Amino acid sequence: MSEIEGSSAQQAGGRLSIDLDALAANYQALADQAAPARCSAVVKANGYGLGMEPVARRLAASGCDCFFVASLAEAQFLREVVPAADIYVLEGIWPEQLAAFTAADLLPVINSPVQLALWARPGTPRRCIVQVDTGMSRLGLTPAEFRHLAGDTSALDGICVDYLMTHLACADEPEHSLNQQQIGLFDELRALLPHLPTSVGNTAAVLSGTGSSGDLVRLGVGLYGSNPAPGLSHHLRRVATLEGRVLQIREVPAATPVGYGAEYRARGQTLLATLGLGYADGYPRSLGNRGYGVVHGQRVPVVGRVSMDSLVVDVTRLGEGKLSPGDFVQLLGQDVNIDELARLGGTISYELLTGLGARLERRYTGLV
């Protein structure tokens, strides 16, 4: 089953095709590799830019019953999509959100003693995850706060801790010394409350086989077809394909400037194609003179700066008549690897995916 969302094919200067069958296959492959750990899906930031609703529906249909989002607003939206799943909110909870959390049966990731006290309900304990900061210095109880909690567990009255969680700062670099430092500290802390299940690993931990995943794995960018740890072998399938519509084709003589700032000048008689998407649609400005597209299996380089609504590719090697206005050029997908493109743009695949703009026509296959 397929469906089109966003701008129509007649209106959009670019289109984004999302293969939900590939998404489901990636989930299954990672879950099989992570077994016997339970696997959850991180669907924050609108399902990493690909659409939270269709992504979560397909993952739920594939057996995923646990999801992570960043905020309450994301969790409330997701609850309508997956009514029976566990939904954890990474930011935790604020006092004014208590009623909304309970009304929608949402579960906070507790990051401070204040949040812990707020969430506690003696007599009818509330479920949650407790996060401890072991070296990322972002969110979670400090080691000192956790040691105090373990020494006086009265603060846990009215709390049902589903998992004790930490987040590795260098999981995408399996050999980094901080990984073992964090895992060692986490093991030391969890030994103070050894009955608690744990959550440590993400996609990188699963692919590297480090054994540091814990009882609950948080699968993120790997679900969407990106390899989070360069150098690790994987069989993840491509999920997203981005294409730009050709608006105009023109031939220019040598030395003709192309784009803002005239940073690029044609090296000879050059055939140029202007595509109808730019950095407002999520194609990074940093890929000017660095990125490339693919047409009929041939690479065509991005030349000049990427504009807000357009970019230019050199299609000279294709020859005249091989590309026409209205045709599409692949900018990300089967022939343009997302991790390679991210490196060329000096960024990461996470940023590429989550930056994909609302103006793009979105086409889904594998909807449920």
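Can you tell me which residue in region 231-248 is most open to solvent (accessible area, probe 1.4 Å), limited to those that are part of a strand (DSSP E or B) and among the aliphatic types (A, V, I, L, M)? Spell out how you get there, then give the answer.
Initial filter on region 231-248 (part of a strand (DSSP E or B)): 240-248.
After this cut, where a residue has to be among the aliphatic types (A, V, I, L, M) as well, the list is 240, 242, 246-247.
Details: Ala240: 9, Leu242: 7, Val246: 3, Leu247: 95 Å².
Only one residue fits best here, namely Leu247.
Kindly provide the set of residues from region 91-111 that are assigned to a loop (DSSP other than H, G, I, E, B) and either in contact with a helix residue (DSSP H, G or I) (Cβ under 6 Å, 6 or more places away or on another chain) or farther than 22 Å from Asp133 by Cβ (or both), ordered by number.
Let us first name the residues in region 91-111 that are assigned to a loop (DSSP other than H, G, I, E, B), namely 91-94, 104-106, 111.
Scanning region 91-111 gives Gly92, Ile93, Ala104, Asp105, Leu106.
Among strands (runs of 3 or more DSSP E) lying entirely in region 28-90, which contain 1 or more residues that are open to solvent by 10 Å² or more (accessible area, probe 1.4 Å) and not basic (Lys, Arg)? Even if it seems obvious, please write down each step before you answer.
Values: elements: 38-42, 66-69, 86-89.
Where strands (runs of 3 or more DSSP E) fall fully within region 28-90 and carry at least 1 residues being open to solvent by 10 Å² or more (accessible area, probe 1.4 Å) and not basic (Lys, Arg), they are 38-42, 86-89.
Take the residues in region 1-13 that are part of a loop (DSSP other than H, G, I, E, B) and open to solvent by less than 70 Å² (accessible area, probe 1.4 Å), then tell me which one is modelled with the highest pLDDT.
This residue is Gly13.
Quick one: Ala70 ticks every box in (1) farther than 24 Å from Glu351 by Cα; (2) in contact with an Asp or Glu (Cβ under 7 Å, 6 or more places away or on another chain); (3) aliphatic (A, V, I, L, M) bar one, so which box is it?
For Ala70, the failing item is (1).
Mind counting the residues in region 328-366 that are within 15 Å of Ala22 (Cβ to Cβ) and either open to solvent by 70 Å² or more (accessible area, probe 1.4 Å) or in contact with a Lys or Arg (Cβ under 7 Å, 6 or more places away or on another chain) (or both)?
Adding up the residues that qualify gives 5.
Taking region 14-27 as the search range and keeping residues that are among the small types (Gly, Ala, Ser) and within 21 Å of Glu351 (Cβ to Cβ), which one is most open to solvent (accessible area, probe 1.4 Å)? Even if it seems obvious, please write down each step before you answer.
Filtering region 14-27 down to residues among the small types (Gly, Ala, Ser) leaves 14, 17, 22, 24-25.
Still in the running and within 21 Å of Glu351 (Cβ to Cβ): 14, 17, 22.
On the way: Gly14: 3, Ser17: 34, Ala22: 0 Å².
Result: Ser17.
Does any residue of region 313-331 turn out to be assigned to a loop (DSSP other than H, G, I, E, B), of a type outside the set (Lys, Arg) and within 26 Å of the chain's Cα centre (by Cα)?
Step one: of region 313-331, the residues assigned to a loop (DSSP other than H, G, I, E, B) are 315, 319-327.
Next cut, of a type outside the set (Lys, Arg) only: 315, 319-321, 323-327.
Add one more test, that the residue is within 26 Å of the chain's Cα centre (by Cα), and what stays is none.
No, that holds for no residue.
Just checking: which of the helices (runs of 4 or more DSSP H) contained wholly in region 125-210 hold 3 or more residues that are surrounded by 18 or more Cβ atoms within 10 Å (Cβ to Cβ), within 26 Å of the chain's Cα centre (by Cα) and touching a residue at least 60 places away in the same chain (Cβ under 8 Å)? First the steps, then the outcome.
On the way: elements: 143-151, 177-190, 203-208.
Because the criterion is at least 3 residues that are surrounded by 18 or more Cβ atoms within 10 Å (Cβ to Cβ), within 26 Å of the chain's Cα centre (by Cα) and touching a residue at least 60 places away in the same chain (Cβ under 8 Å), the helices (runs of 4 or more DSSP H) in region 125-210 that meet it are 203-208.
Cβ-Cβ below 7 Å, separation at least six or inter-chain, first residue in region 345-368 and farther than 19 Å from Arg245 by Cα and at pLDDT 95 or above, second of a type in the set (Asp, Glu) and not in a loop (DSSP other than H, G, I, E, B): which pairs?
Ser349/Asp339; Thr365/Asp19; Thr365/Asp21; Gly366/Asp19; Gly366/Asp21; Leu367/Glu3
Check off (1) in contact with a strand residue (DSSP E or B) (Cβ under 7 Å, 6 or more places away or on another chain); (2) at pLDDT below 90 for Ser208 and give me the number that stays unchecked.
(1) is the only condition that Ser208 fails.
For region 272-295, does any single residue satisfy the condition of being modelled with pLDDT under 95 and open to solvent by 10 Å² or more (accessible area, probe 1.4 Å)? Even if it seems obvious, please write down each step before you answer.
Initial filter on region 272-295 (modelled with pLDDT under 95): none.
Taking every residue of region 272-295 in turn, none turns out to be modelled with pLDDT under 95 and open to solvent by 10 Å² or more (accessible area, probe 1.4 Å).
So which residues in region 106-124 are in contact with a strand residue (DSSP E or B) (Cβ under 8 Å, 6 or more places away or on another chain) and over 23 Å from Phe146 (Cβ atoms), if there are any at all?
If the condition is that a residue be in contact with a strand residue (DSSP E or B) (Cβ under 8 Å, 6 or more places away or on another chain) and over 23 Å from Phe146 (Cβ atoms), then Leu106 is the only one that fits.
The values are calculated or read from the model by the stated rules, or taken from the named source; none is laboratory data. In this text the structure is predicted, and so the values were computed from the model without any measurement. When we count neighbours, we look across all protein chains shown, and the Cβ atoms used for this are built from the backbone with ideal geometry, even at glycine. Quick note on the areas: whole protein, heavy atoms, side chains included, nothing else; ligands and nucleic acids left out. Shrake-Rupley method; radii C 1.70, N 1.55, O 1.52, S 1.80 Å.
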